[in-house]
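Since every read-out is calculated from the coordinates, none of them should be taken as a lab result. The structure presented is a predicted model; accordingly, all values stated were derived computationally and were not measured. We place every Cβ from the backbone using ideal geometry, glycine too, and count neighbours over all the protein chains shown.
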Amino acid sequence: MRHNDGVSQQNRTAAQAANAAEQDQPVEMSAGEIPADALREEYAELVERVRQARVEYYQQDAPTVSDAQYDQDYRRLEELESLHPELQSNDSPTQEVGGEPSAAFAPVRHLERMYSLEDVFSIDELRAWLERAETQVQTLHGAAELRWLTEVKIDGLAINLLYQDGRLVRAATRGDGTTGEDVTHNVATIATIPQQLRGDEIPRQIEIRGEIFISTQDFQTVNAQRVEEGKAPFANPRNAAAGSLRQKDPAETAKRPLSMYVHGIGAAEGLEISAQSEAYDLMATWGLPVSPYSRVLSSIDQVVEYIDEYGDKRHSLDHGIDGIVVKVDDRATQRQLGHTSRTPRWSVAYKYPPEEVHTKLLDIRVGVGRTGRVTPYGVMEPALVAGSMVEMATLHNQDVVRAKGVLIGDTVVLRKAGDVIPEIVGPVVALRDGTEREFVMPTHCPSCGTELRPAKEGDVDIRCPNARSCPDQLKERVFHAAGRGAFDIEALGEEAAVALTRPAEPADPPLTSEAQLFDLSAGMLKDVKIERQKRGAGAKPGDTELVPYFWTKGSAKHPSKPSANTVKLFDELAKATSQPLWRVLVALSIRHVGPTAARSLATAFGSMDRIREASEEELAATDGVGPVIAREVIDWFQVDWHREIVESWAAAGVRMEDEVDDSVPKVLEGLTIVVTGTLEDYSRDSAKEAILTRGGKASGSVSKKTDFLVAGASAGSKLEKAESLGVTVLDEADFTRLLAEGPEAFQSPSEEAEDAQVHAED
């Protein structure tokens, strides 16, 4: 658990707002055009935004973007990939389910994959989806009646329970759909989940899928307690549930009021049912908690009526909901409809529109992110929106403030959909009384005083150019370097980053550059103090005090010493030096270089020196990189203090070169291979790594240049395109053989003869 409790909500929100994704207008292009650099850059930024949002949502349980914004980014990503399939790689977020499992828990492979659901955002979209499904079913069965199992979509954490002979033997989060996190011991503390099923007809082995949640009332109680203890409240019930379940100590999970409703089954041995609703009835007889809100409906109009009904009731339910799930009830039809690579074709989720309230905009301030972007955010009278109290909301940039027409002092429309940073929609002009005033964007950085300017001509955003020593930028970069996608230094949370880069005392902070991160010592941190909310008897709201952060206060009997968290910090810093090269690359805060691009660069070049020596063309030719990221890498290494970071880390023992297994033969050299669908023994990442380590290129799109397509379960349009182009299609067993023997294993006798003739002529 990261130690962020002492960071003020204002600072946290400002940083999040400053680091939020840019809201540029999308580049419009028609299908078939060669993507311009601007479009490729938009695509790269979208990929990183969606990936970061998923990390924050699924792994950190602390989202910084709204559901609505995430949905918008994701749909734009799908649109670009549809118009320009050459942009898509096989590890695009559109090809993944959920997020990667956390390293804090043991990985667990689900017996049957857990899929995400396709989202629709309007009744018209829903009707179109349901009508399309009805047409597909009529094609399969003629005029067979179609029944819809309809239920509320719980705002919780997806869980998979494995029962063997009726006993709970394992519980796992969804993770990436194939592999989740083992949370068995924590789930055992939830009273509503039976350890032993009762009754008859219990399969020898069965996976039960459901949602773990905190009730609305309990969520409010938990947050009130956290505020009373001086801790930051949870953003929403979903993150409260996820954070509670992911406690390393089950005893801590037991303290949280978690509940569960089951809503489906995965792999099952000996289960004979004809309908999903039958499964619900059966699970109830076994003692499992089944949602009381499901209903089997026989028409689309009835489904729409159900949505309207629970739209009115959503705040009276015992848990939060963010939509309605509609499923084909007949199990045989479900199997026939099948799945895409990510979603079932027999189920859809309708998402309710984000909620809106009116509140007073008290002020507009700015925050500075790790790239120097200066982002306005609104400070408002606290308002309860979508189940949580909201005081701040992002305004993106000065042009957005101007476009929305908001004035300081306005009553504004505030929209929130379960996110941390809500959106100010616009002012309620009719309520103005003449005391309102315009926001004026500052001309100098609020953190370091440097004059602000756009990074390049024409940019909407303005930035602080003092990247090297701006305290806010440095703090954000240090926090980023410690993140799970980089060095994964658990003891270095946001508050620790503040203490290292801009403490209340001393005047000279321990870190003036991230280059010094691995040169820290406990003695250097002894005098570091931060300002915290004063606690104890007589303390008033707003009262603060200076407290040591890295060392204990000390007394006559117990002298000051490094705190347990400080000891842990140095242990984890030592471990971080052995992290693989791709994590080091992410930690450098090179623009656009997230985990995907970093993995590609690390695999292709193997060392930091070879990356630095590579030309822009060589970098751009790397799968998953391209010209935009290549240019950013080149530019980054041209800055002297950037190079100092790398050199200082290297001197401190940070790994700058991956170990290369020369025993793996390069049997795929010169070959382009596409993997699609679900494989049993390979994850998306492991399949890609297997190709790359053997010298091949792992591509995300099928073209005439594709040598092999590996098709797993639920392979879709890529398989159809490969077949139309005459590309050799392999199943999983063939893929394993390809990795071992190379392409010669699949050559016909005539092709082998031709190759032999060529070699003879040479």
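Worth a mention:
- Sparse packing (at most 13 other Cβ atoms within 10 Å of the Cβ) combined with a DSSP loop state is found for the following trypsin sites (Lys or Arg not before Pro) in segment 378-452: 432.
- Whole-number D in µm² s⁻¹ for segment 581-651, Kirkwood Cα-pair radius fed into Stokes-Einstein, 20 °C, 1.002 mPa s: 182
- Cross-link pairs beyond the 22 Å C-alpha cut-off, checked among 248/526; 153/416; 475/529: 248/526
- Average Cα contact separation per residue, segment 107-351, under 8 Å, 6 or more apart, as relative contact order %: 32
- The chain, helix-only ellipticity at 222 nm - DSSP H runs n ≥ 4, -39,500 (n - 2.57), divided by all residues, nearest 500: -10000 deg cm²/dmol
- 3J(HN,Hα) couplings calculated from phi for segment 212-218 with the Karplus curve 6.51 cos²θ - 1.76 cosθ + 1.60 (θ = phi - 60°) are, in sequence order, 8, 8, 10, 4, 4, 5, 5 Hz; Gly and Pro show x.
- Each of 174, 147 was scored by other Cβ atoms within 10 Å of its Cβ. Listed from fewest to most, they are 147, 174.
- Proximity of backbone amide H atoms, modeled 1.01 Å from N, is registered between residue 258 and no other residue at under 5 Å, excluding neighbours fewer than 5 places apart on the same chain.
- Electrostatic dipole magnitude of segment 471-576 [Cβ: Lys, Arg +1; Asp, Glu -1; Cα centre; debye, to 20]: 500
- Taking Cα extents along the principal axes in Å as calculated from this structure, the corresponding entry among [x] 77, 58, 56; [y] 78, 73, 60; [z] 85, 69, 50 is [y].
- Tail beyond 29 Å, pair distance distribution of segment 107-351 (Cα, percent): 30
- By the count of neighbouring beta-carbon atoms within 10 Å, fewest first, 664, 586, 385 end up ordered 664, 385, 586.
- Long-range amide H partners of residue 425 with built H, under 5 Å: 413, 414, 415
- Residue exposure sequence - 524, 380 - by fewest surrounding Cβ within 10 Å: 524, 380
- Separation of segment 573-617 from segment 390-455 is 37 Å, based on Cα centroids.
- Net charge dipole, the chain: roughly 3040 debye, given to the nearest 20, about the Cα centre with Cβ charges of +1 for Lys and Arg and -1 for Asp and Glu.
- The ratio of the alpha-carbon radius of gyration of segment 471-576 to the globular-protein estimate 2.2 N^0.38 Å is 1.11.
- Cut-off under 5 Å, modelled amide H: who pairs with residue 366 long-range: 377
- 3J(HN,Hα) from dihedral phi, segment 308-320, Karplus parametrisation 6.51/-1.76/1.60, rounded to Hz, x for glycine, proline: 4, 4, 7, x, 6, 8, 4, 8, 9, 6, 7, 9, x
- Percent RCO, i.e. relative contact order, over the chain, from Cα pairs under 8 Å lying at least 6 residues apart: 12
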